[in-house]
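Shown next, in structure tokens, is the structure this report addresses.
The values are calculated or read from the model by the stated rules, or taken from the named source; none is laboratory data. Computed from a predicted structure; not experimentally measured. Backbone-built Cβ (ideal geometry, glycine too); neighbour counts: all protein chains shown.
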Amino acid sequence: MALGVDSILIEPDKPLLVRQEITLRRWPERLNGFTIALLSDFHYDWLFSVHPIRKAVKIVNDLRPDLIALTGDFVSVPWFGDPLKGGAAAEPCAELLRQLQAPHGVWAVMGNHDVFSDPDRVTNALHAQRIPVLSNKSVPIEKDGARFWLSGVDDVLSGTADLNGTLHGIPADEATVLMAHEPDYADYVARYPVDLQLSGHSHGGQVVFPFMRPLYLPDLAKKYIWGLHTIKGLRLYTNAGIGTVELPVRFNCPPEVTFITLRRAG
């Protein structure tokens, strides 16, 4: 009974702050110490995930990051009935996330639940709150006379991700940070001049028993489940997410706010 209370009422409601310092070979020295707050997999609902989302927003704003990355799944595809109904959570979720503040912006990409429910509604809700969605697109982020590129691909499981098009026009010697919902996409991304990939999707397994592999992992989140990974020259960070899917349960896998500090590799 105690484990049930913890996994339903306590752990899912207490976001954990994870600080991560990542060094990148091509990172501009003038941008050493640049910080990114990473949030993912909100799965907004008015009863459960609304509470950790509010707490995560406060944690992030107190950290004062340079930039905030939101790597998808703002809503959930319903178990039964019309998938479009999942899009109804887009507006209240976006209204909470509009409170996030960073001098170099709050940026988003779509997740699989977003694209398989109502992607236009989710995108429009975020845009209405001045949160741009990077849909196979890259933008320069400039500070102190230096810059890097922030890129975002459409959801990979939907078949609409276009990494070639996303990276087109980026100078070969400039660092690139890619937002992609599914972490296992990194095996493909590693063939390209991308320095860091930020992902979610796995929920960290959501229910994780000690010394065991998580009981369930979605497609394209079975390999790089959580935390920092290196794939050839690519660094990947997989965030454990804020909300839950299927059941509002987390065990040994709390919601996560990731605070990343970037530096040039020595």
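So, in segment 194-226, of the ones that are touching a residue at least 60 places away in the same chain (Cβ under 8 Å) and touching a strand residue (DSSP E or B) at 6+ places or on another chain (Cβ under 8 Å), which residue ends up farthest from Trp27 (Cα to Cα)?
Taking the candidates together, the pick is Val207.
Scan segment 108-121 residue by residue and report those that are of a type outside the set (Asp, Glu) and either part of a strand (DSSP E or B) or within 19 Å of Ser199 (Cβ to Cβ) (or both).
Initially, segment 108-121 is screened for residues of a type outside the set (Asp, Glu), giving 108-113, 115-117, 119, 121.
Result: Ala108, Val109, Met110, Gly111, Asn112, His113, Val115, Phe116, Pro119.
Residues are listed down the side, and each one gets a yes or a no for (1) over 20 Å from Tyr237 (Cβ atoms); (2) hydrophobic (A, V, I, L, M, F, W, C):
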residue: Glu21; (1), (2): no, no
residue: Arg25; (1), (2): no, no
residue: Pro28; (1), (2): no, no
residue: Tyr44; (1), (2): yes, no
residue: Leu63; (1), (2): no, yes
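Inside segment 153-192, can you point out the residues that are under 29 Å from Arg263 (Cβ atoms), in a loop (DSSP other than H, G, I, E, B) and touching a residue at least 60 places away in the same chain (Cβ under 8 Å)?
Val156, Asp173, Glu174, Ala175, Ala180, His181, Glu182, listed by residue number.
Being over 29 Å from Gln99 (Cα atoms) and either in contact with a strand residue (DSSP E or B) (Cβ under 9 Å, 6 or more places away or on another chain) or surrounded by fewer than 13 Cβ atoms within 10 Å (Cβ to Cβ) (or both) is the filter here, so list the residues in segment 125-181 that pass it.
Answer for segment 125-181, where residues must be over 29 Å from Gln99 (Cα atoms) and either in contact with a strand residue (DSSP E or B) (Cβ under 9 Å, 6 or more places away or on another chain) or surrounded by fewer than 13 Cβ atoms within 10 Å (Cβ to Cβ) (or both): Gly159, Leu163, Asn164, Gly165, Leu167, His168, Gly169, Ile170, Pro171, Ala172, Asp173, Glu174.
Quick check on this structure: which one of Val75, Val106, Val57 is surrounded by fewer than 23 Cβ atoms within 10 Å (Cβ to Cβ) and hydrophobic (A, V, I, L, M, F, W, C)?
Working: Val75 fails: surrounded by fewer than 23 Cβ atoms within 10 Å (Cβ to Cβ); Val106 fails: surrounded by fewer than 23 Cβ atoms within 10 Å (Cβ to Cβ).
Sole residue among the options that is surrounded by fewer than 23 Cβ atoms within 10 Å (Cβ to Cβ) and hydrophobic (A, V, I, L, M, F, W, C): Val57.
If you go through segment 46-63 one residue at a time, how many are part of a loop (DSSP other than H, G, I, E, B) and under 18 Å from the mean Cα position of the chain (by Cα)?
1
Restricting to segment 217-266, and then to whatever is part of a loop (DSSP other than H, G, I, E, B), among the hydrophobic types (A, V, I, L, M, F, W, C) and modelled with pLDDT under 95, can you tell me which residue is surrounded by the fewest Cβ atoms within 10 Å (Cβ to Cβ)? So that I can check it myself, show each step before the final result.
First, the residues of segment 217-266 that are part of a loop (DSSP other than H, G, I, E, B): 217-226, 232-233, 239-250, 252-255, 265-266.
Right, trim to among the hydrophobic types (A, V, I, L, M, F, W, C) and you get 217, 220-221, 225-226, 240, 242, 245, 247, 249, 253, 265.
Right, trim to modelled with pLDDT under 95 and you get 245, 247, 249, 253.
Numbers: Val245: 18, Leu247: 12, Val249: 17, Cys253: 25.
Taking the candidates together, the pick is Leu247.
Consider only pairs whose beta carbons are under 8 Å apart and that are at least six residues apart or on different chains; among these, list those whose first residue lies in segment 122-133 and is of a type in the set (A, V, I, L, M) and outside any helix (DSSP H, G or I) and whose second residue is loosely packed, with under 15 Cβ neighbours inside 10 Å and modelled with pLDDT under 95.
Partner pairs satisfying both residue conditions: none exist.
Somewhere in segment 135-145, is a residue in a helix (DSSP H, G or I), without any contact (Cβ under 8 Å) to a residue 40 or more places away in the chain, under 25 Å from Gln197 (Cα atoms) and not aromatic (Phe, Trp, Tyr)?
In the first step, residues of segment 135-145 are kept if they are in a helix (DSSP H, G or I); the result is none.
The answer is no, given that none of the residues of segment 135-145 is in a helix (DSSP H, G or I), without any contact (Cβ under 8 Å) to a residue 40 or more places away in the chain, under 25 Å from Gln197 (Cα atoms) and not aromatic (Phe, Trp, Tyr).
Inside segment 64-107, can you point out the residues that are of a type outside the set (A, V, I, L, M), over 17 Å from the mean Cα position of the chain (by Cα) and not in a loop (DSSP other than H, G, I, E, B)?
Scanning segment 64-107 gives Pro83, Lys85, Gly86, Gly87, Glu91, Pro92, Glu95.
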